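Values in this text are rule-based calculations from the coordinates and carry no lab data. It should be emphasised that the depicted structure is a prediction, and the values quoted were computed from it without experimental measurement. Virtual Cβ from ideal backbone geometry, glycine too; neighbours counted across all protein chains shown.
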Amino acid sequence: MEHFENDEQFQGLRVNKGTSEQPTVNPYLSNFKKFKRKVYTISEYIEGIRKGDITVLGQAVTLIESSKPEHQAIAQEVIEKCLPYTGDSIRIGITGVPGAGKSTSIDAFGMHILKQNNKLAVLAIDPSSELSKGSILGDKTRMERLSVERNAFIRPSPSAGSLGGVARKTRETIILCEAAGFNRIIVETVGVGQSETAVHSMVDFFLLIQLAGTGDELQGIKRGIMEMADGIVINKADGNNIEKARLAQSHFQNALHLFPLPESGWTPKVLTYSGYYEIGIDEVWNMIDEYIDFVKKNGYFDHRRNDQSRYWMYETINERLKNDFYNNAAVQKELKICEQQVLNSQISSFAAANKALEVFQKQEK
């Protein structure tokens, strides 16, 4: 481009010629072939999972997480064919208030498990924020040792899903992990909230991690979560915090005495440990082993597994009906009308719901 400022009439001015516009994409990239992920057949998925191939397992879990109908169809067939090879693992649910050290503890627990020649899968239930759609992916970075172990598989939950949907996918992922030979499964929840019930419905042992020295240790812990716990551990029992941890231990132990004996017949224990310094890890795991032996002998282990299978059958039905309802075109149209009538106080919320349901029922006939 020539600049008029360089004309002789503009003495003392000089504008240099600019460089041509550079391409925004690196031209050297055109020499590389675009990477395509291998597409497996159902038989290849089964074979790879049975061999413990982490790559195949990871892609199978991705199919479970996918919302595409064609992916779901393949995933369900893979799950069905993996079922005969499942059920031999010990499933442990871990929860605790934010900052309780769940990820650090799982890293320590996991290394202890691997030293006993076990294979470990760590899964996470995180329905994620409805605003930010944030996920727990960062937790994997806090399991530094486990993340590089050959016999460990760490899988964060899918982000931006309903609690029921995320929990169901985690339950299905457990099946694939067991078929791949992982005989120890840890399911982690994020914080203390509704996800605890979902985790409790898919594990054999439910562990609550607590902290000492944060004020009233019992304050803010829902009774339901305390009743679900098969064991409570007080983390960060090291240095100057040891006495506070022991005091918190006695508080929780006294609180547990107020609850009726669980259906399992097991009396929950309260232990102290330090996940960071790995103090008391053996005692925590011995408690879990003791519980598993106890419930297997009295038959509760199989009873609980059967109850969980029944629970997830009905949960899956509920989830499917909910999706079918909201994805129905006639229902979507009716919902807009009903919503406006509710906002204008022309109709009650309950009557509006019934109108929408009636439209759905007519569509299904």
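For the pair region 41-58 and region 319-365, the centres of their Cα atoms are 42 angstrom apart. FRET efficiency for the pair residue 81 and residue 298, taken as 1/(1 + (r/R0)^6) with r the Cβ-Cβ distance and R0 = 25 Å, rounds to 0.15. When peptides 306-313, 203-210, 62-69 are sorted by average Cβ neighbour count within 10 Å, with the highest value leading, the order is 203-210, 62-69, 306-313.
The count of lysine pairs in region 36-85 whose Cα atoms are under 20 Å apart, excluding pairs fewer than 8 places apart on the same chain, comes to 4. Protection proxy ranking, highest mean first, for peptides 109-117, 272-280: 272-280, 109-117, where packing is the per-residue count of other beta-carbon atoms within 10 Å, averaged.
The count of lysine pairs in region 236-365 that are at least 8 places apart or cross chains, and whose C-alpha atoms lie under 28 Å apart, stands at 17.
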